[in-house]
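A short worksheet on the structure shown next.
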Amino acid sequence: MFIKFKVNGDDYEIDVPPAIRLIDILRDHLGLTGTKEGCGEGECGTCTVIMDSKSVNSCLVIASQIRGKEILTVEGLAEDGKLDALQESFIRNGAVQCGYCTPGMLMAAKALLMERSDPTEDEIRGAISGNLCRCTGYSKIVQAIKDVA
Amino acid sequence: MFKHIGHTHPVHDATQKVMGEVIYASDMKLHNMLYAKLLLSPIAHGRILSIDSSRAEKLPGVVKVFSHLNSPDKLYSRYRIIPDQVNCREDERIFTDKVRFVGDRVAAVVARSFDVAVKAISLIHVQYEKLPALVTVEQALENKSVKIHASGNLLYEYDLKYGEKEPLSEDHITIETTTQTQKMHHAAMENHAYMANFDSSGKLTIWSSCQGVYGVRTILADLLNLTYNNVRVIKAPIGGSFGGKQEAIFEPLVAFMSKDLRRPVKLALNREEAIVATMTRPATKSTITTAVSKYGKIKSCDVATLFDAGGYATSSIDNGYAMAKKISRLYSIPYYSHKCKIVYTNTPVAGGARGWGGPEIVAPFEIHMDAVAKALEIDPVELRVRNLVHPGDVDKATNFSLGNARIIECLQRGAEAFQWTKRYSRGCVNSSRYKKGVGVACAAHKNGMYGGFPEHSTMTIKMNEDGSFILNGCLHEVGCGTITSIGLIAAEVLDVPLDMITVSEADTENSPYDFGSYGSRVTYICGECARQTAERVKDRILECASTIMQTPREYLSAEDGCVFRIDREQERLTYREVATIAKTVNNRDIVVTHTYHGRSNPGAYGAHFAEVEVDSGTGMVKVTDYLAVHDVGRAINPGMVEGQIHGSVQMGIGYALYEEIKISGSGKVIDNSFKNYHIVNAPDMPNVRVLLIEAGGDDGPFEAKSIGEAATIPSAPAVINALNSALGTSLSDMPITPDKILAALNCN
């Protein structure tokens with residue numbers, strides 16, 4: 001099946017089986033390994049990307065669903081090597097430890113901030129409720145997002 | 001006071017991590033590589049009668065199917081770090097011919113694509129002769145005729161005693177409690193992943209998400225009959241470990257397959273495989289009996305533990321022993337005895353998990369302390385103050401000094417900051433549906449392995465001509481900021497900006513020897529090695545400068561990347577000048593290799609205070625307030641110390657309330673997915689206040705002590721004590737889930 005879609009501002013047209021997962025398209029076909037697989041069933045959020053301005057678990061999205069869509073991954077946050085404000089805030093606030101949940105957390109946070117400015121702490125925690133982290137206990141991640149909101 | 005120590009820095013590769021640039025093992029691609037997929041046992045106990053892989057082998061893209069039929073039958077221990085290590089029962093094969101738990105390694109397919117490998121697995125037909133599944137320790141001990149391993153189901157037992165039994169006063173009381181701790185999934189966000197490449201020169205290279213490259217190298221070389229110099233283990237970036245990646249679980253399998261095929265082979269586990277087929281925190285059951293004076297002084301303590309090792313021994317003998325060595329670090333008890341039976345069962349294999357026996361015994365003990373407090377009507381904080389160790393006390397288990405043990409200070413300052421007395425005496429409002437309560441727990445952990453295991457680390461620091469440095473140590477960054485901490489220590493001594501020092505990570509071909517990231521040894525031992533090595537490099541710099549400046553060494557000082565005469569400060573050289581002139585004019589290289597021997601093992605302490613609100617209608621528990629107080633000696637990187645404490649509390653709340661790898665009667669894992677294995681997420685995580693006590697006094701770098709495990713140990717019992725206080729219950733069957741709470745409330 002031929003599908004046309006955009007990732008991080010670039011146009012792609014590829015021929016893939018219709019049920020191939022978006023996470024596999026990103027990681028294997030496009031070489032964008034920033035998006036991680038932690039559970040393969042939409043529970044951990046390490047595969048979170050933004051599709052048409054909404055955060056999605058890319059392990060639950062299949063090829064036929066991404067036709068004509070604009071996808072943003074962690075690789076698309078920085079522009080010309082200049083870090084996005086969220087990325088800088090994560091570093092500054094100590095919100096990064098092992099780094100495995102980080103891409104997914106950033107994308108969930110980015111989706112929230114694209115939708116609303118000045119979210120409350122509860123709204124921030126809600127937006128990342130589907131992103132599990134085993135290292136940080138979430139506090140510094142929440143603070144990092146608050147700093148930019 | 002310090003330029004670098006005590007200031008917060010991000011992890012060294014934070015920028016790469018936020019850019020998504022870090023290549024973890026599962027992200028790796030090598031030219032000509034192949035993909036492996038596992039076939040794991042669906043039954044808990046049985047003999048493999050036949051494996052028919054003919055249909056799988058015919059599938060286009062399949063290169064080979066491996067099983068016990070075409071792999072070594074040599075038994076090994078995946079826990080071993082050093083040659084001839086004791087307590088390493090060799091009871092595993094790369095692929096088994098007898099399955100001993102649901103998840104045991106039956107076969108693997110190696111194919112040109114991952115999808116083909118997955119498809120091929122479904123085409124392999126295995127016939128088993130089912131054997132009775134012994135899924136609890138009690139069943140395994142009772143059924144002597146059903147042997148999980150030929151040696152019998154009792155893997156090991158011990159009976160340790162320390163101290164002297166004192167005569168008991170007439171009005172002493174005896175308290176007995178029993179606590180069950182559950183199998184827990186480490187739940188690192190990154191599932192285990194490896195890339196092995198056996199090349200035509202006869203050398204094996206393996207990238208592994210592991211905590212100790214030299215241990216992996218030793219096991220692989222010995223198992224595959226390669227010399228140690230021909231096995232190169234490179235630590236891949238780790239997406240969390242918490243002990244779950246400290247044993248060579250799948251490295252032997254991947255290495256063997258690559259060696260057989262002479263091509264790179266990648267194995268990346270999925271979540272279910274990580275939950276079931278790697279290792280779990282061990283399930284234990286401990287009965288604690290104390291004799292306590294009316295004043296609350298514990299006179300004697302007897303513990304009996306049943307330890308579930310799961311299907312294979314791995315670290316369980318040492319892990320079981322470790323449980324006996326924790327309480328004496330925390331409380332001053334005249335007589336302590338600990339009997340333990342370590343038992344094979346047909347369940348997922350137990351292994352070391354953050355705290356390494358600490359959570360498993362301290363949770364029961366802290367729950368026990370609250371039972372003592374209740375019986376004697378003594379405040380739980382006050383009871384602990386009367387029994388905790390003091391600075392300079394000796395650990396009865398090892399006869400080593402506990403060093404500057406500040407646990408009483410942690411407890412007392414924490415009680416004040418938490419307003420303990422006011423909140424504890426508030427009691428619970430019986431008529432209210434929502435019941436609030438507070439709880440406290442203390443813990444001790446260690447700093448390294450001195451006293452039970454060889455303890456040393458070697459590092460090399462070399463100076464580049466431009467005045468920058470490379471610190472080469474066998475370091476394993478697991479996400480807690482090890483590389484940064486080591487860099488900060490060296491930067492402090494050498495007095496250069498942090499970015500002038502590159503700290504390398506573990507690679508058996510290039511790194512000097514170090515045992516790995518275990519036993520809370522890295523800051524205390526590797527950190528002090530870095531400090532001493534840097535001091536020696538500084539000496540060398542001054543020596544070289546002395547030659548260049550034709551000035552006695554005693555007249556020179558180094559500061560801010562420069563060497564200058566103390567009496568004529570304008571006479572100076574930059575580090576760059578010293579390094580370049582030394583190398584190119586005086587033919588001297590500034591490079592130092594140094595081995596540091598640990599000679600002490602003080603306690604690392606923490607006191608945690610939790611407030612919970614229990615909905616007595618549903619049994620749901622919310623942690624509403626939390627304070628963690630830690631005796632860390634010195635916080636090298638305070639923000640990361642806080643980060644470790646926050647993460648530890650997340651794990652502890654899960655251990656107390658939610659997380660369990662439940663096993664069915666037939667040995668199947670019920671919680672084999674994040675759908676039903678719940679770890680605390682952001683909305684359910686309380687804000688954790690942290691108070692650090694930095695009183696120094698021990699041998700660590702700048703007097704620092706460990707934190708990552710010490711902070712995990714008190715968290716679960718603090719929460720459990722809070723909920724028992726809120727409800728007036730004595731729940732101790734962990735995790736304390738809503739159904740158990742409701743059952744207890746209905747009983748009352």
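Compute, for the stretch A:85-148, the length of the dipole vector about the Cα centre, with Cβ point charges of +1 (Lys, Arg) and -1 (Asp, Glu) only. Units Debye, rounded to 20.
It works out to roughly 240 debye.
Let me check against my output: what whole-number percent is the relative contact order of the stretch B:456-597, with C-alpha pairs under 8 Å and at least 6 apart? Display every interim value, and only then the final one.
Details: 265 pairs, mean separation 48.3, N = 142.
Computed value for the stretch B:456-597: 34 percent relative contact order.
Explain nothing, just the number: dipole magnitude of the stretch A:1-108 about its Cα centre with +1 on each Lys and Arg Cβ and -1 on each Asp and Glu Cβ, in debye rounded to the nearest 20.
Values: 10 positive and 16 negative charges, 40 e Å.
That gives a dipole near 200 debye.
Hey, what did the stretch B:307-429 get for relative contact order, percent, Cα under 8 Å, at least 6 apart? Intermediate results must be reported in sequence, preceding the final value.
On the way: 135 pairs, mean separation 31.2, N = 123.
In percent, rounded to a whole number, it is 25.
How about the stretch B:243-290: which trypsin sites (Lys or Arg not before Pro) there lie in a loop by DSSP and see at most 16 other Cβ atoms within 10 Å? List each step's numbers first, then the result.
Working: sites: B:LYS245, B:LYS259, B:ARG262, B:LYS266, B:ARG271, B:LYS285; in loops: B:LYS245, B:ARG262.
Those satisfying the criteria are B:ARG262.
Treating only the Cβ of Lys, Arg, Asp and Glu as charged (+1, +1, -1, -1), what charge dipole size does the protein assembly as shown show about its Cα centre? Round to the nearest 20 debye. Can you show the working numbers first?
Numbers: 96 positive and 106 negative charges, 349 e Å.
Using only the charged Cβ atoms, the result is roughly 1680 debye.
Quick check on the stretch B:101-245: what does the Kirkwood estimate of hydrodynamic radius come out to from the alpha carbon pairs, in Å? Working shown, then result.
On the way: mean 1/r = 0.0475 Å⁻¹.
Final number for the Kirkwood radius of the stretch B:101-245 is 21.1 Å.
May I ask for the Rg/Rh ratio of the stretch B:174-219, computed from Cα atoms with Rh as the Kirkwood radius, given to two decimals? Walk me through the numbers before you get to the answer.
Working: Rg = 19.4 Å, Rh = 14.7 Å.
Using only Cα positions, Rg/Rh for the stretch B:174-219 is 1.33.
Among B:690-701, B:520-531, B:485-496, how do they line up from the highest to the lowest mean number of other beta-carbon atoms within 10 Å?
Values: B:690-701: 20.2, B:520-531: 27.1, B:485-496: 25.4.
Ranking, from highest mean packing down: B:520-531, B:485-496, B:690-701.
Please provide three numbers in whole Å: the alpha-carbon extents of the stretch B:456-597 along the principal axes, with the largest listed first.
48, 26, 26
Given bins 10 angstrom wide, list per bin the percent of all Cα-Cα distances in the stretch B:211-286, short to long.
Bin by bin from 0 Å, the calculated values are 16, 46, 29, 7, 1.
Would you mind getting the Kirkwood hydrodynamic radius of the stretch B:593-748 from its Cα pairs, rounded to one decimal in Å?
Working: mean 1/r = 0.0578 Å⁻¹.
It is 17.3 Å.
Can you tell me the orientation of helix A:102-115 relative to chain A, as the angle in degrees between its alpha-carbon axis and the longest Cα principal axis, to the nearest 10?
Result, in degrees: 90.
Okay, helix-only estimate at 222 nm for chain B: each DSSP H run of n ≥ 4 adds -39500 (n - 2.57), divide by all residues, round to 500 deg cm²/dmol; what do you get?
That calculation yields -8000 deg cm²/dmol at 222 nm.
Can you give me the relative contact order of chain B as a percent, contacts being Cα pairs under 8 Å and 6 or more apart? Show your work: numbers first, answer last.
Numbers: 1890 pairs, mean separation 120.6, N = 748.
Contact order relative to length: 16 percent.
Using the structure shown, list the pairs from B:LYS183/B:LYS339; B:LYS98/B:LYS326; B:LYS341/B:LYS705; B:LYS29/B:LYS203 with a Cα-Cα distance above 29 Å, or answer none.
Numbers: B:LYS183/B:LYS339 21 Å; B:LYS98/B:LYS326 36 Å; B:LYS341/B:LYS705 32 Å; B:LYS29/B:LYS203 19 Å.
Those over the limit are B:LYS98/B:LYS326; B:LYS341/B:LYS705.
For a quick check of your reading of the filter: which chymotrypsin sites (Phe, Trp or Tyr not before Pro) in the stretch B:453-521 sit in a DSSP loop and have no more than 10 other Cβ atoms within 10 Å? Before the final figure, lay out the partial values.
Values: sites: B:PHE469, B:TYR513, B:PHE515, B:TYR518; in loops: B:TYR513, B:PHE515, B:TYR518.
Loop-located and lightly packed - none at all.
Please arrange B:VAL641, B:VAL381 by how many other C-beta atoms lie within 10 Å of their C-beta, fewest to most.
So the ranking, lowest neighbour count to highest, is B:VAL381, B:VAL641.
For B:ALA350, which sequence-distant residues (separation of 5 or more, or a different chain) have an amide H within less than 5 Å of its own amide H, given hydrogens modelled in the peptide plane?
Placed amide hydrogens put B:THR280, B:GLY310, B:GLY311, B:TYR312 under 5 Å from B:ALA350.
Rg and Dmax of the stretch B:239-366, Cα atoms, in Å?
18.8, 71
Starting from the exponent 0.38 and prefactor 2.2 Å, build the expected Rg for the stretch B:536-614 from its residue count and divide its actual Cα Rg by it. Don't skip to the end; give the middle numbers.
Working: Rg = 21.7 Å, N = 79, 2.2 N^0.38 = 11.6 Å.
Computed over Cα atoms of the stretch B:536-614, the ratio equals 1.88.
Can you tell me the alpha carbon radius of gyration of chain B divided by the globular rule-of-thumb value 2.2 N^0.38 Å?
Numbers: Rg = 27.1 Å, N = 748, 2.2 N^0.38 = 27.2 Å.
Cα Rg divided by the expected 2.2 N^0.38 Å: 1.00.
Students often forget the sequence filter, so: which lysines lie under 21 Å Cα-Cα from B:LYS435 once same-chain residues fewer than 8 apart are removed?
B:LYS374, B:LYS422, B:LYS622, B:LYS740
Taking amide H atoms as placed 1.01 Å from N in the peptide plane, list the residues 5 or more away in sequence, or in a different chain, whose amide H sits under 5 Å from that of B:LEU155.
Residues meeting the amide H criterion: B:ILE342, B:VAL343, B:TYR344.
Given a cut-off of 50 Å, what percent of all Cα-Cα pairs of the protein assembly as shown lie beyond it?
On the way: 74180 of 401856 pairs.
Beyond 50 Å sits 18 percent of the P(r) for the protein assembly as shown.
Find, among the trypsin sites (Lys or Arg not before Pro) in the stretch A:1-85, those assigned to loop by DSSP (not H, G, I, E, B) with at most 13 other beta-carbon atoms within 10 angstrom.
Values: sites: A:LYS4, A:LYS6, A:ARG21, A:ARG27, A:LYS36, A:LYS54, A:ARG67, A:LYS69, A:LYS82; in loops: A:LYS36, A:ARG67, A:LYS69.
Those satisfying the criteria are A:ARG67.
Compute the Rg/Rh shape ratio of the stretch A:85-148: radius of gyration over Kirkwood radius, all on alpha-carbon atoms.
Numbers: Rg = 10.2 Å, Rh = 11.3 Å.
In the stretch A:85-148, Rg relative to Rh is 0.90.
Rank the residues B:THR218, B:THR345, B:THR484 as a footprinting-exposure proxy: fewest other Cβ atoms within 10 Å of their Cβ go first. Write down the numbers at each step before the final one.
On the way: B:THR218 21, B:THR345 30, B:THR484 24.
Fewest to most other Cβ atoms nearby, the residues stand as B:THR218, B:THR484, B:THR345.
Output the direction-averaged projected area (hull surface divided by four) of the convex hull of the alpha-carbon atoms of the stretch B:439-488, in nm². Numbers along the way, then the final one.
Working: hull surface 23.9 nm².
Orientation-averaged projected area of the Cα hull: 6.0 nm².
Using the C-alpha gyration tensor of the stretch A:2-76, what are the square roots of 5 times its eigenvalues, in whole angstrom, with the largest one first?
17, 13, 11
Three principal axis extents, largest first, for the C-alpha atoms of chain A, in Å?
Rounded to whole Å, the extents work out to 43, 31, 25 Å.
Among A:THR46, B:THR227, rank each residue by its count of other Cβ atoms within 10 Å, from fewest to most, as a rough exposure measure. Mind showing how you got there, number by number?
Values: A:THR46 27, B:THR227 9.
Starting with the residue having the fewest Cβ neighbours, the order is B:THR227, A:THR46.
For the stretch B:25-42, just list the computed ³J(HN,Hα) in residue order, Karplus coefficients 6.51, -1.76 and 1.60, θ = phi - 60°, integers in Hz, with x standing in for Gly and Pro.
Going residue by residue, I get 4, 6, 8, 6, 10, 10, 4, 6, 7, 10, 10, 10, 9, 8, 10, 10, 5, x Hz, with x marking Gly and Pro.
From the residues A:ALA127, A:GLY137, A:THR102, which one has its Cα farthest along the dipole of chain A in the positive direction, the dipole being from +1 and -1 charges on Cβ of Lys/Arg and Asp/Glu about the Cα centre?
Highest projection toward the positive end goes to A:GLY137.
Read-outs throughout are calculated quantities, based only on the coordinates presented, and are distinct from any laboratory measurement. In this text, all values refer to a predicted model and were calculated from it rather than measured experimentally. Neighbour counts are summed over all protein chains in view; Cβ atoms, including those assigned to glycine, are modelled from backbone coordinates with ideal geometry.
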